[in-house]
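S.K.: Pasting in a structure now, in structure tokens, and then I'll have a few things to ask.
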Amino acid sequence: MRSIVGNEFLLSDGTGEIIVDAGPRWYHQINLSQGERVTVVGEYDDYDFDAFRITRQNGEVIVIRNGPGRPPWAGGRGRGR
């Protein structure tokens, strides 16, 4: 993983790169480090990849959201949480 900005980062799999969006920082902070190896489950949405779950190399799972559809942070701060 490279170039982390907020909860978005550039993920490279050796064949290409994609921007991964892990939701807004005001909802949660994912605290990944540049160079960290992760596995991301989610869906491609327009220009980036919306993360549902991020698994660190040590097996720790960061749950972003349960799956496709309206994210829990839709509607702004203070809603859905």
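The values are calculated or read from the model by the stated rules, or taken from the named source; none is laboratory data. Please read these numbers as outputs of a predicted model, since none were measured by experiment. Glycine also receives a Cβ, built like all others from the backbone with ideal geometry; neighbour counts cover every protein chain displayed. Just so you know, the surface numbers come from the protein's heavy atoms only, side chains and all, with ligands and any DNA or RNA stripped out. Shrake-Rupley method; radii C 1.70, N 1.55, O 1.52, S 1.80 Å.
S.K.: Run down ARG65, ARG2 and say which single residue is open to solvent by 30 Å² or more (accessible area, probe 1.4 Å) and either aliphatic (A, V, I, L, M) or in contact (Cβ under 8 Å) with a residue 12 or more places away in the chain (or both).
M.R.: Values: ARG65 fails: open to solvent by 30 Å² or more (accessible area, probe 1.4 Å).
Just a single option satisfies the conditions, and that option is ARG2.
For every residue, the table says whether it meets (1) of a type in the set (A, V, I, L, M, F, W, C); (2) open to solvent by less than 40 Å² (accessible area, probe 1.4 Å); (3) at pLDDT 85 or above.
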{"site": "TYR44", "(1), (2), (3)": "no, no, yes"}
{"site": "PHE52", "(1), (2), (3)": "yes, yes, yes"}
{"site": "ASN58", "(1), (2), (3)": "no, no, yes"}
{"site": "ARG70", "(1), (2), (3)": "no, no, yes"}
{"site": "ARG77", "(1), (2), (3)": "no, no, no"}
{"site": "GLY80", "(1), (2), (3)": "no, no, no"}
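S.K.: Return the total of residues in the stretch 54-81 being within 17 Å of ILE4 (Cα to Cα) and charged (D, E, K, R). Walk me through how you get there before you give the answer.
M.R.: Keep residues of the stretch 54-81 that are within 17 Å of ILE4 (Cα to Cα), which gives 54-56, 62, 64.
Next cut, charged (D, E, K, R) only: 56.
The qualifying residues number 1.
S.K.: Name the residue that is most open to solvent (accessible area, probe 1.4 Å), counting only residues in the stretch 21-42 that are more than 11 Å from the chain's Cα centre (by Cα) and under 17 Å from GLY59 (Cα atoms). Spell out how you get there, then give the answer.
M.R.: Residues of the stretch 21-42 that are more than 11 Å from the chain's Cα centre (by Cα), as a first pass: 26-27, 33-37.
Narrowing the set further to residues that are under 17 Å from GLY59 (Cα atoms) leaves 33, 35-37.
Working: SER33: 65, GLY35: 55, GLU36: 42, ARG37: 162 Å².
Ranking the candidates gives ARG37 first.
S.K.: Being in a strand (DSSP E or B), free of Cβ contacts under 8 Å to residues at least 24 places away in the same chain and of a type in the set (D, E, K, R) is the requirement here; does ARG25 meet it?
M.R.: On the way: in a strand (DSSP E or B): no; free of Cβ contacts under 8 Å to residues at least 24 places away in the same chain: yes; of a type in the set (D, E, K, R): yes.
No; evaluated as a whole, the condition is false for this residue.
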